[in-house]
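This report refers to the structure that appears directly beneath it.
The values are calculated or read from the model by the stated rules, or taken from the named source; none is laboratory data. Bear in mind the structure is a predicted one, so any value in this text is a computation, not a measurement. Ideal geometry is used to build each Cβ from the backbone, glycine not excepted, and the neighbour counts take in all protein chains shown. Accessible surface areas use protein heavy atoms only, side chains included; no ligands, DNA or RNA. Shrake-Rupley method; radii C 1.70, N 1.55, O 1.52, S 1.80 Å.
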Amino acid sequence: MSDKQVNKSLITCPRRRGIFYTIDMYVLREFMVPFSLLILAFLIMFMVGDLFDDLGDFLEHKADFSTMVKYFLMKVPGNIRFILPISVLLACMYTMANFGRKMEVTAMRASGVSLFRCGGSIFVMGLLITGINFWFNEQLVPQFEFKAEFVRMSVTRGSANYKKRLFNMLTYRTPDKRRTWLFKYFVENGIQDGVTLKKYRKDGTLDWDIQAERAIFIPGEGWEFQDVTYTPYDDKGFLPLASKKHLLRRFNAKDLPEEPKDIMNAVKEPDELSTWVILELLERAKNMAPQCRAIYETLFYYRLAFPWACFLAVFLGVPLAAKNERGGIFLAIITAVVVIVVYQVTSHVFLALGKQDVLNPIFAGIAPTASFILVGWYYIMRQT
């Protein structure tokens, strides 16, 4: 059948809609086989990479086998969030290119099934995998990344008391740069002993500081300081004025909005915080420094957009594979690799520019994923 005849059949054959159980199950089965194999292959590759990067440190410090197994297993969730989009795109491209090689896509379209409907089951699976990837990013990755780093540092620092040293003499600077806390030893959700708090004016000069034997956070009320020495400073913030002693001094949540969990999260890198922790931090710290806010806002929008890379992979994979169906599977895989590289590079460049406040955080976090989805949608509509 010539190209003109095929095109004529595509035009004259009435469009078929609805559920095609046989076709959908067949397409899904053909997709799941390479997808499962790719997940397994990439997991092994990433684990081998982690072994090359970190195994030497564990062996050098004579870590026991159970600690090493625990560490490398904790790295798996963080790897899976990157593996899923790559695997979806490659599996989608392979499946559709394989259909094209056997002229099955042409047959389905000639019978009135649109290109979008041909990959219907893959689109549904891509949406499901997007939800799984979002769950990984929110529930598993932040806590497992922190725990894995904690295990590694506990071993490489040569001390089982790394946690104790981590919270010993802990310093916390509020996001708005208006207060600095120093804890002799920080205890999450506990009574803090030996606390120093410095308060700064809007111009950055020191306004006052307090040194307290104990500090207690009362949920819904604020902070309570006991056995306090309060010291005000002059207008330039250099010279301390006469100190005052107080048995008890309280600050409400408006004056000191930070909570123990905020101080605990400050120990972590921003990338180790979940999306909802970042959102809560942005909402509560209204006077956050612009540079600091740019980092958290860019991360927040990036976290919302990145899981959709799995759905993006289907949007790009189906039309690109169908467009190159005559080029065979090899060309489809090469195209998929190029798309993956371009998307990853673009996303990381925009992420870096957003964190530096060069680009608007919303644009920097969402634009790469949204633009690639729109390109995929355009190609699908063009070939439908």
Among (1) open to solvent by 50 Å² or more (accessible area, probe 1.4 Å); (2) part of a helix (DSSP H, G or I), there is one condition L281 misses while meeting the rest; what is its number?
(1)
Candidate set from segment 171-193 (those that are open to solvent by less than 30 Å² (accessible area, probe 1.4 Å) and assigned to a strand (DSSP E or B)); member that is nearest to N287 (Cα to Cα):
R179
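Yes/no per residue for (1) modelled with pLDDT under 75; (2) touching a Leu at 6+ places or on another chain (Cβ under 9 Å); (3) among the polar types (S, T, N, Q):
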site: R249; (1), (2), (3): no, no, no
site: N265; (1), (2), (3): no, yes, yes
site: W276; (1), (2), (3): no, no, no
site: L316; (1), (2), (3): yes, yes, no
site: A322; (1), (2), (3): yes, yes, no
site: F330; (1), (2), (3): yes, no, no
For T196, indicate whether it is under 19 Å from T174 (Cβ atoms), assigned to a strand (DSSP E or B), modelled with pLDDT of 90 or more and of a type in the set (V, I, T).
yes
Yes/no for T346 being at pLDDT below 70, touching a helix residue (DSSP H, G or I) at 6+ places or on another chain (Cβ under 6 Å), hydroxyl-bearing (S, T, Y) and surrounded by fewer than 17 Cβ atoms within 10 Å (Cβ to Cβ):
no
Condition first: open to solvent by 20 Å² or more (accessible area, probe 1.4 Å), in contact with a helix residue (DSSP H, G or I) (Cβ under 8 Å, 6 or more places away or on another chain) and not in a loop (DSSP other than H, G, I, E, B). Now tell me which residues in segment 352-366 satisfy that.
L353, K355, I362, F363, I366
Cβ-Cβ under 7 Å, sequence separation 6+ or interchain: first residue in segment 58-72 and under 17 Å from M47 (Cα atoms), partner outside any loop (DSSP other than H, G, I, E, B) and of a type in the set (D, E, K, R). Which pairs?
Y71/R152; F72/D50
Considering only residues that are modelled with pLDDT of 85 or more and of a type in the set (K, R), look in segment 69-125 and name the one that is least open to solvent (accessible area, probe 1.4 Å).
K75
Applying the selection to segment 234-260, what residues are aromatic (F, W, Y) and open to solvent by less than 40 Å² (accessible area, probe 1.4 Å)?
F251
Search segment 303-314 for residues being open to solvent by less than 30 Å² (accessible area, probe 1.4 Å) and modelled with pLDDT of 80 or more, and hand back the single one that is nearest to the chain's Cα centre (by Cα).
R303
Looking only at segment 206-228, count how many residues are in a loop (DSSP other than H, G, I, E, B) and at pLDDT 90 or above.
0
Search segment 49-68 for residues being of a type outside the set (D, E, K, R) and open to solvent by less than 60 Å² (accessible area, probe 1.4 Å), and hand back the single one that is nearest to the chain's Cα centre (by Cα).
G49
